[in-house]
Amino acid sequence: MGVSLSFILDGLSYFFGLMITLIGALVFLYSRYYMTGPKEEYGRFYMYLLLFMGTMLGCIFSNNMITFFVFWELTSIFSFCLIGFKYADPEHQKSALTALVVTIGTGLYLLVGCVIAGMGFHTFQISEMVSRYFTLPPVWFTIMLVCILIGAFGKSAQFPFHFWLPSAMKAPVPVSTFLHSAAMVKLGIYAIARFYPILSNHPMWAPLLITIGTLSMTWGAVRAVLSHQIKEILAYSTVSQLGLLVLFYGLSFHGVSHDYFHIANHMFYKATLFMVAGILITSTGIRDIRQLKGLRKYMPLTAFSCAVAAMSMAGIPGTMGFIAKEHILNMFFLLIAHQSLFFGIGFVCFILSSICLFAVGCRLVIPIFGGKKPPSLKIVKPRLPIQIPAIILSSFIAIFGIFPSLWAFLFSSFSVHQLHKFPMDTIHSVSSFPVTKAATIGIFLLGYLLFRYLENKSLSVPAIPFPTLPSLAKLGSTVTHFLRLDKPLDYLFIVIGFLICATGWVSFGFHQPLVGFISDAIKPSMLDIVVTSIICLFAVATVVVNGWIGRLISLTTLGFLISVYFMLHKAPDLALTQLLIESVTLILLLLLLTRFSASTKKIDHRLPFTSLRHILKICISIGAGLWIISILIMMSGPPASPPIGSFFTLHSQSLAKGLNAVNTILVDFRGFDTVGEISVLVIALLGALGLIHRQKDLFSRKS
């Protein structure tokens, strides 16, 4: 199948791996002093966090598309465990389920894209796809592109899947720090960068990324500046900055430059701000920034970290954020001057979001750490160890912002062929374009004015309905009612009827006439005719006999007679299997019938013969019987190709080291099928055990 646990070791995977482990290590240090509550829960928390980090690294370094998808979905599962860490709280449950449904659901689109890529490039190895041609029709390449981008947009909380990220704010602060800065939300950005050499030449690549990135960037920035809960502000600003990164890859034609700098800038300042938010919450117990004032004197190190990180988000000189903003402004001006005014809309939205984020940066520093502390505000001074991770990250922001050449020296060798531009141009701390300087000054002035305008106002964005768990549940109940899933007998009619209509035309249209088949292929003996006649007799009795016990006996006798028919045609293994199944089924059904009262058993639950339901039963039963007969005729005809059974019998000893072909097929040749069947039985057994224990609990409560 081409599935292997292979790894890709290049600059892109090294960079993301380095960032994940760096911030992950600081999050572990931060968690040591942040987490409160019973110490018994610490082991579970750190286990989830380690598994989450491990699956992130597995996804980053995977070279095989299928293993890449497996790790991709595992990150969603472990993020579900982390977001819902306090599982007793209904709000945490809702947030965790929302994140799981969105990321797992969009991940299924990624699976479709991975399968199409493997079929089109004739390999699942990502490193080999770059040098191969896509052999399927162009429409399949478009479908692959859209599916992969939907997976990336869902993971990185891009419009219209952005709503799960603010909902995930219920998670503990260390989880939010890791999740929203370096971990799962960056996985979508990594996917876009990883598949850039494969997909960027498609005409839909740039329009999709620019459109979705612009919408997410603008909406997130506006929501962030109008929010008041500190973690909610950071969540919406994360959506905005992730949209900016998506837009950046859409604007990068013929190669990307300095994407590592933009990604690291967001990782550093967002992780710092979340750590600061955790310190503020644990020190004051308050999440609304309007109630926090005058904290600089009580936590100067935290104030320094928050100021540097907020300056980077606002794009103030001396930070990485200023250089990143200048670089994107230069890109926009060059594109508008040389290509099309289409990019003008994206430029206006970028200016608007930059103004909003500048105001957000001011809101996170000036009111909270400036002014005079109100007497009613109680503060517990944070300990030094919990402030160290934020200080380290904010120091990186300042060092690389003041000395960008140091960044180029450290990470220039991480460039990837066919992703980055060669030779790499040097990133400068100050732009040489006068129009860029003017735009930067305008952003600072308008951002500060917006901050002052909103300082004493309480505005909000009108609610826009997005899919939620209740709406999904309502949709599911509607579909269930429409398909009659809550009515097993009705649903059985729908399934069998659809199966006959969908596949019956193939089997009924088989070229060999029925009469010719019976005369040529079937030559029954007298004993066959007798046994078959008795089978038909009991089949009719199963339908016409009154009473549950009578029908059960007729049905079981029918099964035993079928095993006799198997014996007549020299199939003892099938006969034994049939006998065992019928015996076990009879015992279970008899035990089930003992749960009903005698009066209930005597009631004839069948509807009148003239009812539409009964007529429908007859039609579907006749159709199903003819369908099965036609399939048997088709399977008994001459094979269109050499039968596969000869391969197994020929290679059982040489390949599987066994003489029994049935055993080698079950264990070796089709071992995964056997594992799947065993897994189904194990799941059914676990479900049965759960029901049994639940029944025991109910009885114990009643007693």
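The values are calculated or read from the model by the stated rules, or taken from the named source; none is laboratory data. These numbers come from a predicted model, not from an experiment. So basically every Cβ, Gly included, is an ideal-geometry build from the backbone, and we count neighbours across all protein chains shown. Side chains are part of the model used for accessible areas, which takes the heavy atoms of the whole protein and leaves out ligands, DNA and RNA. Shrake-Rupley method; radii C 1.70, N 1.55, O 1.52, S 1.80 Å.
With respect to the conditions (1) surrounded by fewer than 18 Cβ atoms within 10 Å (Cβ to Cβ); (2) in contact with a Leu (Cβ under 7 Å, 6 or more places away or on another chain); (3) part of a helix (DSSP H, G or I), I286 lacks only one, and its number is (3). Residue under question is L329, and the condition is that it be assigned to a helix (DSSP H, G or I), free of Cβ contacts under 8 Å to residues at least 60 places away in the same chain and of a type outside the set (S, T, Y); does it hold? It is false that L329 is assigned to a helix (DSSP H, G or I), free of Cβ contacts under 8 Å to residues at least 60 places away in the same chain and of a type outside the set (S, T, Y). Consider segment 411-453 and keep the residues that are modelled with pLDDT of 80 or more, among the β-branched types (V, I, T) and open to solvent by less than 50 Å² (accessible area, probe 1.4 Å). The one that is nearest to the chain's Cα centre (by Cα) is V416. With respect to the conditions (1) open to solvent by 50 Å² or more (accessible area, probe 1.4 Å); (2) under 24 Å from F61 (Cβ atoms), G118 falls short on a single one, namely (1). Among the residues in segment 232-245, are any closer than 30 Å to S283 by Cβ and surrounded by fewer than 21 Cβ atoms within 10 Å (Cβ to Cβ)? Checked against the condition, which is being closer than 30 Å to S283 by Cβ and surrounded by fewer than 21 Cβ atoms within 10 Å (Cβ to Cβ), segment 232-245 yields at least one hit. Within the span defined as segment 454-463, one or more residues are open to solvent by less than 90 Å² (accessible area, probe 1.4 Å) and modelled with pLDDT of 80 or more. The residue pairs whose first member lies in segment 660-675 and is closer than 13 Å to G645 by Cα, whose second member is open to solvent by 80 Å² or more (accessible area, probe 1.4 Å), and whose beta carbons are closer than 6 Å, counting only pairs six or more residues apart or on different chains, are A661/T649. The single condition among (1) at pLDDT 80 or above; (2) open to solvent by less than 90 Å² (accessible area, probe 1.4 Å); (3) of a type in the set (A, V, I, L, M) that M526 does not meet is (2).
Touching a His at 6+ places or on another chain (Cβ under 6 Å) and not small (G, A, S): is that true of R383 in this structure? No. A search for C-beta distances below 7 Å between a residue of segment 104-127 that is more than 14 Å from L145 (Cα to Cα) and any residue that is hydroxyl-bearing (S, T, Y) and open to solvent by less than 20 Å² (accessible area, probe 1.4 Å), counting only pairs 6+ apart in sequence or on different chains, returns I104/S76.
Restricting to segment 547-568, count the residues that are in contact with a Lys or Arg (Cβ under 9 Å, 6 or more places away or on another chain) and of a type outside the set (A, V, I, L, M, F, W, C). If you could, list the steps in order and put the result at the bottom.
First, pick out the residues of segment 547-568 that are in contact with a Lys or Arg (Cβ under 9 Å, 6 or more places away or on another chain): 547-549.
Filter once more, keeping what is of a type outside the set (A, V, I, L, M, F, W, C): 547.
So the answer is 1.
Which residue, of P367, P374, is at pLDDT below 90, over 37 Å from the mean Cα position of the chain (by Cα) and not in a helix (DSSP H, G or I)? Selected residue: P374, the only one of P367, P374 that is at pLDDT below 90, over 37 Å from the mean Cα position of the chain (by Cα) and not in a helix (DSSP H, G or I).
Answer yes or no as to whether S471 is within 30 Å of I368 (Cα to Cα), exposed (fewer than 13 other Cβ atoms within 10 Å of the Cβ) and at pLDDT 65 or above. Against the criterion (within 30 Å of I368 (Cα to Cα), exposed (fewer than 13 other Cβ atoms within 10 Å of the Cβ) and at pLDDT 65 or above), S471 does not qualify. Residues that are at pLDDT 85 or above and closer than 22 Å to S394 by Cβ: does segment 345-355 have at least one? The answer is yes; a qualifying residue exists. If you check F124, F141 for being among the aromatic types (F, W, Y) and at pLDDT below 90, only one passes: F124. Note on segment 632-658: residues that are at pLDDT below 75 and either of a type outside the set (G, A, S) or in contact with a Leu (Cβ under 9 Å, 6 or more places away or on another chain) (or both) amount to 9. Taking the numbered list (1) open to solvent by 10 Å² or more (accessible area, probe 1.4 Å); (2) assigned by TED's automatic domain parsing to the domain that holds C114 in turn, H228 passes all entries but (2).
Residue-by-condition table, conditions (1) outside any loop (DSSP other than H, G, I, E, B); (2) crowded, with 23+ Cβ neighbours inside 10 Å:
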residue	(1), (2)
S131	no, no
F134	no, no
F141	yes, no
A152	yes, yes
V175	yes, yes
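Of all residues in segment 289-318, those being in a helix (DSSP H, G or I) and open to solvent by 70 Å² or more (accessible area, probe 1.4 Å) number 5.
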